[in-house]
Each structure stands twice: as C-alpha cells, then as structure tokens.
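Enquirer: The structure is given below, and queries will be raised subsequently.
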Amino acid sequence: MIARRGILVKLHLTRGIWYNAGMEYTLIRCSRKTAALRVTPGGWLEVRAPRLMPKAAIDGFVEANAAWIARQRAKLEKVHRAASDAGALTEADIKELAERMRKVLPQKLARIAESMGVGYGRVSVRCQRSKWGSCTAEGNLNFNCLLMLAPEEVLDYVLIHELCHRRHMDHSKEFWADVERLDRNYREHKKWLRENGAVLMRRVHKGENNA
C-alpha cells in the first residue's frame, strides 16, 4: 500500500483503490474500449477503464458523472430503508418460500414448456441476492424463491424468460419476440422487478443464500 492525499491506496496490476475529488473508488483496468461506472449494492463506486486510459482522464470521467453517482446512491438508500421497513427474512421464512415454490413450479413449467415445444432438465430453487433465474446450456433451470413474494404474473414472466433460453441462449430480438408471444405484458413485469426486486433481495441477510 502507498499513501495518496492522506488516503491509503491499495495497488494491484489491474485493480486499485483511488481517491479523487472527494470520491473514493475502485479502479479496474481491463480490455474494454471505454470507461464505465458501477455503484455496488453497498454503495461503493467501481470504475472499469481501458488498460492505457490516463488516470487524469479517468478522474475527469468520474467527476463528469458525479450527479449520476449521487442519484444511484440515493436510490440505494431508498432500497435499504424500504427493506428495513419490510423487515429481514428469517431462515424459516426462506425455507417456507422455497417449499412453496417447489410446489407450484412443476405445473407452471410443464404448461409453459409444452406451449413452446421445449424441454428442460433439472430444476433448482435457491435464495439468491443477485439473480431471479437462470438456464444452463444443458437445460437445467434455477429460480430464486424470493419470487414467491412478487405478484404471480411476475413469477410467470421469469419462468417464461428462462424457458425461452431453451431456444435462444442470448437476449436477441428473436428471444424477446418469443417472450412477448407468451407474455404480452412482459415489459411491465420486467419493470416491476427493476423497481421492487432490490428491496426483496435486500431483506436477505448475507450468508442466507441457500434454501
């Protein structure tokens, strides 16, 4: 470690913690062509930048996006407050949600898969803090039990979304056309997750990711 402007800075070959204009952030140098910002769920700022991008240019990029960073942190603060008001989910709560989901998934998945003419493999239910669902190349499906706290049509949207990956392992126009064919209001359901999903995930304590 070295000291920079009175702040300890940890340096690595491609990653380091920097301080600029009153803002501390993690700098990750990678093969991307442009710089990008990300505010983590904990409120920490990450900057990904091309390997050869000058530090002064990176600092300027951060300063130019100070308002955006402040907005993202304000949104996170609202999420944290809402999750706190709703209360943390206990291990027993999570197990109950997982059991309920395991009961409703077989019929729902079978109905949707039959209408699409696709099959699928193993189905898993977990409590996760970052994903609502996933589909592997082998056709194995995984779903987040927190979806049982969402409206039923939102749960159905996630099931449709993942089953559509049995035809398209991407998010191409063809993929979204298939999703819309089965869920004409998928944009509303996607928006619901975007606006409310973070609060649900925030109610889970760290370490309680299995059910």
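Enquirer: Mind counting the residues in the stretch 41-55 that are assigned to a loop (DSSP other than H, G, I, E, B), within 27 Å of residue 198 (Cα to Cα) and of a type outside the set (Phe, Trp, Tyr)? It would help to see each step written out before you state the result.
Expert: To start, the set of residues in the stretch 41-55 that are assigned to a loop (DSSP other than H, G, I, E, B) comprises 41-44, 51-54.
Right, trim to within 27 Å of residue 198 (Cα to Cα) and you get 41-44.
In the following step, the residues that additionally are of a type outside the set (Phe, Trp, Tyr) were identified as 41-43.
Qualifying residue count for the region: 3.
Enquirer: Which ones in the stretch 118-165 are under 13 Å from residue 108 (Cβ atoms) and acidic (Asp, Glu)?
Expert: 152, 153, 156, 162
Enquirer: Scan the stretch 129-147 residue by residue and report those that are within 18 Å of residue 91 (Cα to Cα) and crowded, with 19+ Cβ neighbours inside 10 Å.
Expert: 143, 144, 145, 146, 147
A short reminder: the numbers here are calculations on the coordinates, not readings from a lab. Here the structure is a predicted model, which is why all the values come from computation and not from measurement. In this analysis, Cβ positions are derived from the backbone assuming ideal geometry, glycine residues included, and neighbour counts consider all displayed protein chains.
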